[in-house]
Every structure is written in structure tokens, then in C-alpha cells.
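The values are calculated or read from the model by the stated rules, or taken from the named source; none is laboratory data. On a predicted model such as this, the values are computed, not experimentally measured, just so you know. FYI the Cβ positions are ideal-geometry reconstructions off the backbone, even for glycines, and counts take in every protein chain you see. To get the accessible areas, we keep the full protein, side chains included, count just its heavy atoms, and leave off ligands, DNA and RNA. Shrake-Rupley method; radii C 1.70, N 1.55, O 1.52, S 1.80 Å.
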Amino acid sequence: MKWTSATVTAAAAIAFADCSQASAFVPRQHLLHQKAARVSTVVDTPSLASLSSSLALLFGVNRSRMTSPFSSVPHKPSTTLRAAASGMEISYTVGIVGATGAVGKEIRQCLETRKFPVGKLRIFGSERSAGSTIATDSYGDITVELFSVDAAKECDVVFLAVSGDFAKEHAQAITDGEDGVVCIDNSSAFRYEPNIPLVVPEINGQETKKSKLIANPNCTTAIGLMAIWPLHKLFTLKKILMSTYQAASGAGQPGMDELQEGTRAILAGEPVTNNVFAHPLPFNVIPQIDKFQENGYTKEEMKVTWESRKICGLADDFPISCTAVRIPTIRAHSEVIVVETEKPIDLEAARKALQEAPGVKLVDNPEALEYPMPITATGAYDVEVGRLRRNLVFGDYGLEFFVCGDQLLRGAALNAVLVAEEMINNGSLKAKAAVA
């Protein structure tokens, strides 16, 4: 395998953009092409072992830092979301199942950052993790408890950040009966059940009044709909076309680990293995996420179609098409979205609608090279939207734009916490202590 200077330049930029802190990477971005010119024009794969140290020096990144990229980042709270739940005088017993996984960790941090009224935090795990201790900034050291339905029912709200199989086995048992409690499930287990709400609070938060069991949407869907919904209200959409560029963390911690280890192996001239992804992800893109369906789409792509219709209350045959691609970034998904509308597009009105939409940040100043990017969306509660323009295919009735959002936050943990806040505000989530 031959690596040209262009390939090495692009690969190194991608790898080190993810593995560096934003403050270290951004000031160097205008120097990449100048510095990359010093790399030899053709490099054999075995030579990458010696090249890796040079690349680290070239881009000013210590190679050892590749073990701690954006898998854990400080949160950047929204300035557009409404304040945390209004019932702050009442505190709640909150349970998390799967608190040590990628989404579970973010749920804990969202609870702290949003100042969710937690009276007591309980963390449930398997026999392997029960008895271990998790340190938290706001709630002290928490001992992991062995999960049981009875223990979960002692809480007021339980967040599930575990597999769909686990959710199918236990979620409804947690919510059933007079002693059933609110359960917010991050898996896909119940998203397509007609009697179980699938909720993005800014769009259909009122649906949370209908059930104690709430399904959290797919991360790609949630991010895209934050931009699509205000435009739909303004122009009434007829069609949605979407292409997604999804980070390794969409496959959880194992996905991030595989990208990091594979990147290190390639730069060391070692063989690359892939267990999480269909093919090696470092310096590659993979046009497959989840299993292929009979219609040629993958299940991930069909999730966008099915879930968007349900959340937005669209017709069952409303045309939505998606192509989902895995890319070698650690965190934050990107999406190109094209919509056809019933009403003619007014670009200034579109920008105003997005500026005023809660949970959305308009980043649309191409002249200053300002537009949504994973490196700026990482850790942010708001979804970035930019590159707004009339679509050349649909003309006056078409709009095209680019979206970036942190899928571990808006696409998972943050959305789940906002669902709980919505339920406090509308009276669907009550504290047992307050009721007693």
C-alpha cells in the first residue's frame, strides 16, 4: 500500500484533529498545508512506524495523547434551551442503569450541569460491577448496586443506557403497576411501538403525558430534527434527503477504542484489525451503519425515516431518504440535509427561525469560514446549523444546509435528561416523597 503526501496530510489532519484539544488544534489549522509539504511524496506502509513520530512533531501533538481524545469532554451548556425543570423545590431519586458506558457517563454529567433536582442518585449494574464505586462531582462517591426491578422502582425516574435486549426484558416491568416509575430508554427497543412515545422535547414534549415509558430517539434523527422542525413549521416540508457522516462514538466506547487503536497501528506500520466496524475505520469511510435491509437501505438509514415521521407527526408515507456513512472522527455527527417545501424559501426567514429555535446554534458565516464542524460541536448542548442556501434542484422550494451535533448529548444523554425535565414541568414525573 502506497501513501502519497496528500493522503498522509489528510490522514494526519483527521487523526490529530480528533486527538488534540480544540485549543491546540484550531490555531494550527492554517499551517497544515505549509507544514505538510515537508512530508516525503511517497511513503510505504512499513515506513509509517518511523513517520509517526515525525507526524507527531510536525503537528505539535504528543503521540501519547492519542489515548485520551474527545471520548470525555467538558460540556458546553446551551444559551437557547430553557432553564432546568421548574419544580426545583422538590428533589427526585434518580436511577441510572449503564452509568459507566459512554451514554451513561454523559447522563450523569448532564444531570449535574443542568442542575437537575436530584435528591439521591442510584447507579445500578451487573454482578461484575456491583459494589464498585463511582466518583461524582455533585453527588459524592456512589456505590454501584446490583440491578433489580424492585430496586429500580424505589426511584422516581430511571434512565436506561443499556442494550435493547435488557430494555425489552426490564423496562416495562419498571413502569408497570401502581408502584411503576418513569423510565427513559436510550435503546431502540420501543421506538416503533405505537403506544410508547418517542420524544424530542422541543418538538413533541406533550407526548410524555401519555406513558411512564419514554423512548429516546436515534442520535442521527434527534440531531437532524433539531434543525428540520423549525423549518417545517415555517415552510411545510414535502421531502427530506439526508446524508450523514457519523463519528466512531456512535458505536459506543468500543467504537472509539477501535478507531484509536487502529490509528496507532497504521502509524506504527502494524496490521489493523476491526471487530466493531465492517472494515478498518482509520483513514477510511464506511458507507454502512447497521445491517442492510431488503430495500437496499441500512437499518440506521431507515431509523431516520421511521423515527422522523413518528416524532414530527408526519404521514406514514412521507418521503424521507438517508445515506449513513461512518467516518474516522471520535465524536459529533455531521449531516447534509436537503428539503423540498410547499412554501417558497425565504433565506432570511429561515435563518431567523433557526436563531430563535431552542437547542440550535446558527453558525453560518462562510466569508469568515464559520460553519458547523465536529470539533466545535463536540461537548455542546446546541446543534450547530450552517451552510444555508437554496437547493439548485428544488429551486425556490428547496433548502440545503449542514448540521453538526454531539450525538452522545443531543442524540442521547441530554435529550433523555430534557425528557425528564419536560415531565417534571407537565406533572408527569412526580417524586414519591412529595406524593407521600
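This table checks each residue for (1) open to solvent by 20 Å² or more (accessible area, probe 1.4 Å); (2) within 22 Å of Glu421 (Cβ to Cβ); (3) at pLDDT below 95; (4) more than 19 Å from the chain's Cα centre (by Cα).
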{"site": "Val200", "(1), (2), (3), (4)": "no, yes, no, no"}
{"site": "Lys210", "(1), (2), (3), (4)": "yes, yes, no, yes"}
{"site": "Ala222", "(1), (2), (3), (4)": "no, yes, no, no"}
{"site": "Met226", "(1), (2), (3), (4)": "no, yes, no, no"}
{"site": "Pro230", "(1), (2), (3), (4)": "no, yes, no, yes"}
{"site": "Phe235", "(1), (2), (3), (4)": "no, no, no, yes"}
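Which condition number in (1) under 21 Å from the mean Cα position of the chain (by Cα); (2) not in a loop (DSSP other than H, G, I, E, B) is the one that Asp141 fails?
(1)
Residues Ser148, Ser138: which one is open to solvent by 10 Å² or more (accessible area, probe 1.4 Å), small (Gly, Ala, Ser) and modelled with pLDDT under 95?
Answer to the check: Ser138.
Given (1) farther than 19 Å from Leu237 by Cβ; (2) of a type in the set (S, T, N, Q); (3) in contact with a Leu (Cβ under 6 Å, 6 or more places away or on another chain), where does Ser321 come up short, assuming only one miss?
(1)
For residues in the range 282-292 being open to solvent by 30 Å² or more (accessible area, probe 1.4 Å) and in contact with a helix residue (DSSP H, G or I) (Cβ under 6 Å, 6 or more places away or on another chain), which is farthest from Cys322 (Cα to Cα)?
Phe283
Mind listing whichever residues of the range 121-135 are at pLDDT 95 or above and in contact with a Phe, Trp or Tyr (Cβ under 8 Å, 6 or more places away or on another chain)?
Leu121, Phe124
Taking the condition of being open to solvent by 30 Å² or more (accessible area, probe 1.4 Å), in a strand (DSSP E or B) and in contact with a Leu (Cβ under 6 Å, 6 or more places away or on another chain), how many residues in the range 351-396 meet it?
1
Starting from residues that are touching a residue at least 60 places away in the same chain (Cβ under 8 Å) and under 20 Å from Cys219 (Cα atoms), keep the ones in the range 254-281 and report whichever is surrounded by the fewest Cβ atoms within 10 Å (Cβ to Cβ).
Selected residue: Met256.
For the range 326-380, which residues satisfy the criterion of being touching a helix residue (DSSP H, G or I) at 6+ places or on another chain (Cβ under 7 Å) and of a type in the set (Gly, Ala, Ser)?
Ala332, Ser334, Ala349, Ala350, Ala353, Ala357, Gly359, listed by residue number.
For a quick check of your reading: which strands (runs of 3 or more DSSP E) sit entirely within the range 87-138 and have at least 1 residues that are over 21 Å from Ile424 (Cβ atoms)?
Ranges flagged: 118-125, 133-136.
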